[in-house]
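The structure appears below as structure tokens.
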Amino acid sequence: MSDHGPRFTYSRKSLSGLLKERNPFLSVFAPEIFINRYPNEYENLISNTKKLLTPMDIYRTWLDLISLEKSGKKSLHNDGRSLSLFSEIPMKRSCAEAGIDPHFCTCLKRTKLQINDTTKNIANQFVNFINENLLKDIKHKCAKLETSKIYEAFILEADLIKHQKFVDFITQKYFFQIETKNNNGGQFEFTVTEEIHKNDGTKKYIFDKRYISRINKYGRAADCIQKDFPSLREFCHCVV
């Protein structure tokens, strides 16, 4: 099993590149003795090659494999999130059911948005989030970023997303692909949550570092923070 597809190639900005990056290759070889001894499990394994799978499912499958070897029965372990590849996985399993965040989900329907003042405002707020939150402790070492270009912006299909139940807010998620200035043309994908207050209609946008992906190389541009802040290298272009 590979950890991910290509992350920094030229084609990474395309939909095909996104799908490859989020769908790592997995190969399984079943020996003849397993096929003969556990025909139902093998049949499920073949069927599940066309289903939505996660690394958690692979872990659950290993538990089943150990249990089958010891007792001839599948593991009773159930964490409510992982499903064994030796069991039948639902064809219509959603990312929410599999515990996959919308930013990494390849199943969500996306509606393309026009690049207008609203999308430009969201992109600028994202760049400000990097400057004022992620890089706040190392501003003296890293260039201040600016929005350069919005490649694409999408609204994510709401009914397929596992929303929190807010009493006072309506939430919606957006997916952006942008380029920034002052860091060798850093290109990013990010998912942002919009909260709209039901009473007065005010909006705010919530950004999370976990749902940001750098999609082009940054090389040695962030060497000045590599030792103390390695997780921020994708955002920093050293000025010292």
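The values are calculated or read from the model by the stated rules, or taken from the named source; none is laboratory data. This structure is a prediction, so every number in the text was calculated from the model and none was measured. When we count neighbours, we look across all protein chains shown, and the Cβ atoms used for this are built from the backbone with ideal geometry, even at glycine.
Could you pull out the residue among 203, 227, 181 that is among the basic types (Lys, Arg) and closer than 18 Å to residue 130 by Cα? First the steps, then the outcome.
Details: 203 fails: closer than 18 Å to residue 130 by Cα; 227 fails: closer than 18 Å to residue 130 by Cα.
Among 203, 227, 181, only 181 is among the basic types (Lys, Arg) and closer than 18 Å to residue 130 by Cα.
Total residues in the stretch 176-197 satisfying the condition of being among the aromatic types (Phe, Trp, Tyr) and under 13 Å from residue 217 (Cα atoms): the figure is 1.
Within the stretch 184-240, if we keep just the residues that are at pLDDT 90 or above and of a type in the set (Ser, Thr, Tyr), the residue that is surrounded by the fewest Cβ atoms within 10 Å (Cβ to Cβ) turns out to be 231.
Would you mind stating whether residue 115 is modelled with pLDDT of 95 or more, assigned by TED's automatic domain parsing to the domain that holds residue 223 and either under 29 Å from residue 229 (Cβ atoms) or under 16 Å from the mean Cα position of the chain (by Cα) (or both)? Spelling it out, it is not the case that residue 115 is modelled with pLDDT of 95 or more, assigned by TED's automatic domain parsing to the domain that holds residue 223 and either under 29 Å from residue 229 (Cβ atoms) or under 16 Å from the mean Cα position of the chain (by Cα) (or both).
Among the candidates 78, 40, 48, the residue that is out of contact with any strand residue (DSSP E or B) (no Cβ under 9 Å at 6 or more places or on another chain), in the same structural domain as residue 21 (by TED's automatic domain parsing) and modelled with pLDDT under 90 is uniquely 78.
What about residue 166, is it aromatic (Phe, Trp, Tyr) and modelled with pLDDT of 90 or more?
The answer is no for residue 166.
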